[in-house]
1. I'd like to know if region 21-38 contains one or more residues that are at pLDDT 90 or above, part of a helix (DSSP H, G or I) and in contact with a strand residue (DSSP E or B) (Cβ under 9 Å, 6 or more places away or on another chain).
2. Against the definition (without any contact (Cβ under 8 Å) to a residue 24 or more places away in the chain and either under 12 Å from the mean Cα position of the chain (by Cα) or under 26 Å from residue 6 (Cα atoms) (or both)), how does residue 81 come out, yes or no?
3. Across region 32-51, which residue is surrounded by the most Cβ atoms within 10 Å (Cβ to Cβ) among those that are over 12 Å from the mean Cα position of the chain (by Cα) and closer than 15 Å to residue 71 by Cβ?
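The values are calculated or read from the model by the stated rules, or taken from the named source; none is laboratory data. Since the model is a prediction, treat every value here as computed from it, not as a measurement. In this analysis, Cβ positions are derived from the backbone assuming ideal geometry, glycine residues included, and neighbour counts consider all displayed protein chains.
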Amino acid sequence: MLIPRKPTPDLSLPLVGEGSDKGTVVCFYRGLHCPLCAKYLDELAKLTLEFEKRGVTTIAISSDTEERAQGMADKLAAPLRVAYGLPLSDAKDWGL
């Protein structure tokens, strides 16, 4: 379980698209197969522009393959950075 204001576990994953090294909102999702996740990520993608105005980036992370992560990125109404290939052991470290 993660505790607020405590360091998060290290995480390094490949991205679909580009990103920056400023503060980041991290959102984990189940994968391309999840319609609820797609709806949630659509809302996050729309809010991303507001976060960027404040110097904060957003990222959505799943254990999906690159192809499936690209499928989710293509599904969204607005751009959102999407990372893929989250190992289940790392997911566990994050309390998932």
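1. Looking through region 21-38, at least one residue is at pLDDT 90 or above, part of a helix (DSSP H, G or I) and in contact with a strand residue (DSSP E or B) (Cβ under 9 Å, 6 or more places away or on another chain).
2. When the stated conditions are applied, residue 81 does not pass them.
3. As a first pass, look at region 32-51 and keep what is over 12 Å from the mean Cα position of the chain (by Cα): 32-36, 39, 43, 46-47, 49-51.
Narrowing further to those that are closer than 15 Å to residue 71 by Cβ: 32-35.
Working: 32: 21, 33: 12, 34: 14, 35: 9.
Here the residue is 32.
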